[in-house]
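A.B. asks: My questions all concern the structure below.
None of the figures in this text is laboratory data; all of them are computed from the coordinates on show. Predicted, not measured: the structure shown is a model, and the values here were computed from it. FYI the Cβ positions are ideal-geometry reconstructions off the backbone, even for glycines, and counts take in every protein chain you see.
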Amino acid sequence: MSLSNEKPPHLRLGVNIDHVATIRNARGGGHPDPLKAAIMAIEAGADGITAHLREDRRHISDEDIDKLRSQLPSPLNLEMAATVEMLDIAVRHKPHACCLVPEKRQELTTEGGLDVVAGHNHLTPYVKQLVDAGIRVSMFIDPDFSQADASHSMGADVVEIHTGTYCEAVIAGDRPKISTELERITKMAAYASGLGLEVHAGHGLTYGSVGPIAELTDIVELNIGHFLVGEAIFGGLDSSIRRMRALMDKARAESGGQKSA
Ligand code: PXP
């Protein structure tokens, strides 16, 4: 805990509602409705909603995006692959932000960050067209300085740091790896923030792993989904989001407003 009197900046929570749609799609029909979950998430303390429209539409559908944009006043962060189809959808719907993610058909979830360095030539026109459409662009990257440099150089506004490796280390109770990964994320957050990028983080975060990430005041937003929807089975969506919100706020308040070194 720091002795600084400076109030730490608010840490935004984006709730990812993809897996509400996964459960709905298991039976077809409309229940449970991702829009209803989104409204509940905002009422429980989320600052925005995140949804990943995948090429195979395995969870969120085009109709979900229509409904979220037309019926939810809160910011929508649309996660998408850099494809012509997704670019057209994004430009048509103009979400608050688009987060470019790597996408492989066979993966269970977004397994690693986007390789912005290798994909520079492919990604640059997508970033430009999204920015020109007035959409904030975020790149979902591993904690690697060269990926932040490449994101910055192509005009992205935001980088979202992939926290998956850190979260797996927390679940495994692997202390050396937890500390290595936290150090990588801490340095990356400071580095990207120093470049003038807004810094987000997410993937795999739980009640047990969120605290040390929420303490890093270079990070302004966390995007969390699977764990919250899973916890909702036991205690309800409202209660899972309120508890996550409280853990984030406590960790952020105890950081004392200090920027990560
Ligand atoms: N951020 C991004 C860019 C993601 O792709 C995902 C998963 O869709 C998340 C955050 C949320 O991850 P989780 O569902 O594991 O909380």
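A.B. asks: Out of segment 206-235, which residues are closer than 15 Å to Ile17 by Cβ and part of a loop (DSSP other than H, G, I, E, B)?
C.D. replies: Once the filter is applied, which keeps residues that are closer than 15 Å to Ile17 by Cβ and part of a loop (DSSP other than H, G, I, E, B), segment 206-235 yields only Gly225.
A.B. asks: Out of Glu254, Glu231, report the one residue that is of a type in the set (Asp, Glu) and within 15 Å of the ligand (Cβ to nearest atom).
C.D. replies: Selected residue: Glu231, the only one of Glu254, Glu231 that is of a type in the set (Asp, Glu) and within 15 Å of the ligand (Cβ to nearest atom).
A.B. asks: Moving on to the next point. Being within 16 Å of the ligand (Cβ to nearest atom) and either under 19 Å from Lys250 (Cα atoms) or part of a helix (DSSP H, G or I) (or both) is the filter here; which residues of segment 1-23 pass it?
C.D. replies: Leu11, Arg12, Leu13, Gly14, Val15, Asp18, His19, Val20, Ala21, Thr22, Ile23
A.B. asks: With the condition kept exactly as written, say whether any residue in segment 249-260 is touching a strand residue (DSSP E or B) at 6+ places or on another chain (Cβ under 6 Å), under 30 Å from Met40 (Cα atoms), surrounded by 17 or more Cβ atoms within 10 Å (Cβ to Cβ) and not acidic (Asp, Glu).
C.D. replies: No, segment 249-260 contains no residue that is touching a strand residue (DSSP E or B) at 6+ places or on another chain (Cβ under 6 Å), under 30 Å from Met40 (Cα atoms), surrounded by 17 or more Cβ atoms within 10 Å (Cβ to Cβ) and not acidic (Asp, Glu).
A.B. asks: Confirm whether Gly194 is surrounded by fewer than 20 Cβ atoms within 10 Å (Cβ to Cβ), of a type in the set (Gly, Ala, Ser) and within 16 Å of the ligand (Cβ to nearest atom). Before you say what the answer is, go through the steps one by one.
C.D. replies: Numbers: surrounded by fewer than 20 Cβ atoms within 10 Å (Cβ to Cβ): yes; of a type in the set (Gly, Ala, Ser): yes; within 16 Å of the ligand (Cβ to nearest atom): no.
Answer is no for this residue.
A.B. asks: Out of segment 35-69, which residues are assigned to a loop (DSSP other than H, G, I, E, B), buried (at least 22 other Cβ atoms within 10 Å of the Cβ) and among the small types (Gly, Ala, Ser)?
C.D. replies: Of everything in segment 35-69, just one residue is assigned to a loop (DSSP other than H, G, I, E, B), buried (at least 22 other Cβ atoms within 10 Å of the Cβ) and among the small types (Gly, Ala, Ser), namely Ala46.
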